[in-house]
Each structure stands twice: as structure tokens, then as C-alpha cells.
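Structure first, commentary second.
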Amino acid sequence: MKRALPPLAAAGLLALSSDFASAEDHYVPANSATLNLRAALGKQIDVRFSEGFAKDRLPAREIAGVIVYETTSDSICLYGEGKGLEPGSPGLAPLSRAPGGEVCIPAAEVSVRVPRAGADGRTVPFYSTDKQNCSWQWKEGRGIGLWTEQCSFDSGVWDVVYDPGKDVFSLRVNAGEPYAVLRQFRAEGAPALLADLKAQGLVLDDPECVMAEVPGLPVPPGWTAYQVVPTGKRKEAFDAVVQIEVPEPPCGELGYTVDALSFFMVDGSHPGRVLFANLGQDGTMIDLASITLTD
């Protein structure tokens, strides 16, 4: 069963954006509460370092296309080898982590380039799978809109399309077979959707498969994440197998799995709508933070 997407992050390592800060862009401190850096994990961003940090450490204060590796409450870990963020340089070596080569910098020393809102009030995401080869496009479905990427790689053109019949946004390569990345359901909350999912065969019809709220997943502010997870003996069996190999999802196609990130999400202001996001292993070309729901 197909559950994971082809990796995209490796393609991003090769890109160096030639179009840096413009009059339409501004910089936001990396530790600002308004900046959702979790959405940018594994993606490229453009950064500006403080004068004090850059002095005697960096060839320039501004570096384009560095990859966000990890974030904490007080630091941001970036990979930018070959772009000016050299982990082996004397000034950065104490902040570098092996073997990945990422450099962990106090968030107070870093600002992130963020586009300003357009005339329609929408702001293009500040991150990209590949700053040189990808562009953001606004897509709409039935009562839903969001930013999606279109990228041109050696493997072909990657983009996201909407199927109105299935109410699904899907990723495709060279207009090939679509791979669902965002599904929309109408139900009064995720727990209320479970019976329908089981009836449709999207989730295993087993009382030990339950819909549970899961904290810590990369949902936008105001949204709540859920997953269909195993309990009881089904969980015991799953936990035993996962120590040896990667098992099939214990609760079916839309249930929890260990080799891809997927979850249901509900916006507190639209309780009658439930979305299922399938981010695969390396993320997909949709921006969850931009999701806009209308009636």
C-alpha cells in the first residue's frame, strides 16, 4: 500500500535563490510568536543574522535558501553548508552538530524573510521546498482554500490539484496518478466522523481503533489534531511488531502509521468540518497554516 511520498528535501539542498529580499518583503524575528517555524521544518527559508552574530563568523548577514532542521523555544537549527553557513568554520564549529552539519543558533540572533500580504490580503508562505524551482499558487475547493506549491525538478513537474467529486487535494508528478494529501469531510468533530470512516472502509471496523486527540502535531493555531490509534490487544500486537519492522497501519488506510505523518484536524471556529492531512515522510507541497474555510 502506498503511504509515503518520494523525498523532496534532497532536491532543496542544491538550490540557491538568486532573488533575495525585495521591497515587498520584510524580516520577522525567528522567536516571534507570529512566525510558524514548525511549518518550515525540512524546507528552505531566507534569513538575516544580527550584526553581532555575523561579525567574524559569516561572509554576509543575509543567506538565502537555508534548510530549517529543528526549532526549540530559544534556538533554530539551520543547514546551509555551501551557502555561507559552514559548520566547520571557526566561528560556527562550536554551534554545529554532527553528523548532519546543521548549525544551532540562538533564535534571538536570527530573522526570517517574510513576504508582505498582497492586495487580496493573502500572504505567500515564507518557506519553500526549493527557493529556485518552486512557486506558490492559491488553490480553492468546496469551501476551502490554501497555498500549494508547483515545482520543476529533474523528475518532472510536481503540483497539487483538486478533485471536486472526491473533495480532495492531491499531489501529482507530470500530471500522473494523484496522491491524496488533503481530504475534507463534513462531520460534527473528528470523533463523530469515526463511524463513517469505518463504514467506508477507510478505517478498520474494530472497537479497538479509536479517534484520539493528539497534541504536538503541526496544526495551525486554533486547530486540534486527532489520529485513529489502536488500543487494547491491537495496540499490544502493533507495539511488538514495530520493534522489529515497519508494520502496516494498525487501524487501516487513514489510521496512525509509523512511516508517514498523517492526522485529522478540526478548526475550533468550524466544528462541522474535518480535514485529513497526509504529509508523508518529508512533507508535501501544501501549507496547512494558510487553510481558509468558508461556508
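The values are calculated or read from the model by the stated rules, or taken from the named source; none is laboratory data. What you see is a predicted model, and the numbers here were worked out from it, not measured in a lab. Reconstructed Cβ throughout: ideal geometry from the backbone, glycine too, with neighbour counts over all protein chains shown. Remember, those area values only see protein heavy atoms, side chains included, never the ligands or the DNA or RNA. Shrake-Rupley method; radii C 1.70, N 1.55, O 1.52, S 1.80 Å.
The figures follow:
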{"read-out": "Single match in Glu213, Glu188, Glu149, Glu140 (criterion: in contact (Cβ under 8 Å) with a residue 60 or more places away in the chain, closer than 21 Å to Leu279 by Cα and among the acidic types (Asp, Glu))", "value": "Glu149"}
{"read-out": "Set Ser128, Ser170: member being open to solvent by less than 20 Å² (accessible area, probe 1.4 Å) and touching a Pro at 6+ places or on another chain (Cβ under 6 Å)", "value": "Ser170"}
{"read-out": "Region 243-260: number of residues that are open to solvent by less than 60 Å² (accessible area, probe 1.4 Å), more than 16 Å from Cys209 (Cβ to Cβ) and of a type in the set (A, V, I, L, M, F, W, C)", "value": "1"}
{"read-out": "Positions within region 138-169 being among the polar types (S, T, N, Q) and more than 12 Å from Ser290 (Cα to Cα), in sequence order", "value": "Gln150, Ser152, Ser155"}
{"read-out": "Failed criterion for Met211 (all others in (1) within 30 Å of Glu81 (Cβ to Cβ); (2) over 18 Å from the mean Cα position of the chain (by Cα) hold)", "value": "(1)"}
{"read-out": "Strands (runs of 3 or more DSSP E) lying entirely in region 117-171 (those with 1 or more residues that are β-branched (Val, Ile, Thr) and within 17 Å of Asp46 (Cβ to Cβ))", "value": "none"}
{"read-out": "The one condition in (1) farther than 21 Å from Thr148 by Cβ; (2) touching a strand residue (DSSP E or B) at 6+ places or on another chain (Cβ under 9 Å); (3) open to solvent by 30 Å² or more (accessible area, probe 1.4 Å) that His270 fails to fulfil", "value": "(1)"}
{"read-out": "Options Gly283, Gly255, Gly232: the member that is in contact with a Pro (Cβ under 6 Å, 6 or more places away or on another chain) and touching a residue at least 12 places away in the same chain (Cβ under 8 Å)", "value": "Gly255"}
{"read-out": "Residue list for region 72-97, filter: part of a loop (DSSP other than H, G, I, E, B), under 28 Å from Ala33 (Cβ atoms) and open to solvent by 30 Å² or more (accessible area, probe 1.4 Å)", "value": "Thr72, Ser73, Asp74, Lys83, Arg97"}
{"read-out": "The lone exception for Lys55 - which of (1) of a type in the set (Lys, Arg); (2) more than 14 Å from Val110 (Cα to Cα); (3) surrounded by fewer than 18 Cβ atoms within 10 Å (Cβ to Cβ) it fails", "value": "(2)"}
{"read-out": "Selection within region 135-158 - under 28 Å from Val28 (Cβ atoms), open to solvent by 20 Å² or more (accessible area, probe 1.4 Å) and not hydroxyl-bearing (Ser, Thr, Tyr)", "value": "Trp136, Gln137, Trp138, Lys139, Glu140, Trp147, Gln150"}
